[in-house]
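See structure below.
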Amino acid sequence: MRLLLLAALLALLLVGALAVPGARANGATGPISFSGESPGAGSVTGSTTPTIKDSFSDSASPISSVFIYIDGTNVTGLDSTTITATSVTYVPPSILPLKNGVHNVTVDVSDSVGNSAQDTWNFTVNTNAAATPNPLAGVNPLTLLLYVGLAAALCGAGVGGYILYLKQTTRFTFRRYFATHAVEKTYFTLYIPLIAAFLFVLVGLSVVYSNPGWPASSPDWVFIIAIFIALTAFGIDARREMHRIRAYERAFAQFLFELADAMRGGLDPAKSIVELAKTHTNILAKHLRIASDGIRLGRPLDEVLKDMVAPMQSPLIRRYAGLISDATAAGGETALVVYRAAKDMDDFVKIEEEREKQLLLPVAVIYIAFAVLMAVLFALLYIAPTIGTLNVSIVGLGKLPSGASTVTQVPKLSAASLHERFFELMLINALGTGAIIGAFTEGRARYGILHSLGLVAATAIAFAILFP
């Protein structure tokens, strides 16, 4: 019984949607097709003299006649109507502005061989609709850049004065400073790009809001470009760091095997490292040479190993290096301990590699889920005008409560607003999905930045193609 009631309800909803007047009805048949209605079907505009435009094409023969009707009135012959071979444009004169409410547009096109078609849609004029606020109203991009340049010059002058003071008091030199303080790579991969992205947002938004004729999604594109400026270098560096750590772990496991073999041959751990440094040519070659030089200078083995593995930034390598240091300090069958550690680490690395391969399927599932969500949103956007005008009172819903004489009207989102909101929603979802992939596969969200950027790019391209 419930299933029958549900089926009846859905049928009534469908009939109501088809019966509602004002929804876009493209009557194009044959070779004539329409596109580019403006204002869009179901949209809301605050202007009483909007530019009304429709484009058409004919694959069979040239267009012979074009008529445009506004609310049933033929405005084809007015001076404010422009007709070309592919479009018709009408701008209501200021002395005959459109009133608030829904307005219907019909374009009737015929070609030279007798084919004809009609395109009908509606839009709403609402002069009370809130305009998009301009948070940078009155800001000139050149003035903004000038202020930024002046601030940078003042900061540079302050830093220069402080460096000059250090030179006079402590004999400061850059060579001596950078010999003991390495410049962190994060400055070039994250901090500087973030500053550049921030400046781009300021200038971009100022330019966008100073051109009101640009599309409503222009601020979103400014933020998309800023995201790529801010995160691309950091995302690439994070992926390279992940692959470098994996290479270090594989090479260190092989090094432990060779170290165990050398110790079984009668060499102590320190001399084994010195000898292995002479023959290694893989990714550990430089680190082994530095460790060998430290041993020749008489440094303790535990300090040498600690300094050797520190640049590799791998907790797994630090753990096994500490194990070797403790086993060497304790004495006994050190070679056996090193061999067991090498075997254990090699097994762990192989397990990690196998796990990464097995995680490819879940990652693919996440991508498929993202694509399905985008497809659902696109479907909703295509039927948004129908949803916005659907009257469900025919099924007993939406009626006034008993004893009530009025009901508050809830304003409806225009089709353009729905496009923009869903676009922003998918951008946020793309960034979060990439972070989830990084945390799920590698344990750190930053390893998923490239996934996020790829999903953001896919979202932007899809919306640009389907909703230009």
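Read-outs: derived from the displayed coordinates by stated rules, not from any lab. This one's a predicted model, so the numbers in the text were calculated from it and none came from an experiment. FYI the Cβ positions are ideal-geometry reconstructions off the backbone, even for glycines, and counts take in every protein chain you see.
Observations on the structure shown:
- Summing +1 for each Lys or Arg and -1 for each Asp or Glu among the other residues whose beta-carbon sits under 13 angstrom from that of residue 281 gives +2.
- Between the range 297-339 and the range 186-240, the Cα center-to-center distance that results, in Å: 45 Å
- Nearby aspartates and glutamates by direct alpha-carbon distance to residue 286 (threshold 16 angstrom, same-chain neighbours under 8 apart not counted): 249, 275, 307
- Working note: Karplus 6.51/-1.76/1.60 with θ = phi - 60° gives the range 96-111 the couplings 10, x, 6, 8, 4, x, 8, 10, 9, 10, 10, 10, 10, 10, 9, 10 Hz, where Gly and Pro are set to x.
- Separation of the alpha carbons by more than 26 angstrom is noted, of 271/343; 271/306; 167/306, for 167/306.
- The range 297-372: radius of gyration and largest Cα-Cα distance (Dmax), Å: 18.7, 63
- Candidate lysines - alpha carbon under 22 Å from residue 53, same-chain residues fewer than 8 apart omitted: 99
- Net charge over other residues, Cβ less than 13 angstrom from the Cβ of residue 463 (K, R count +1; D, E count -1): -2
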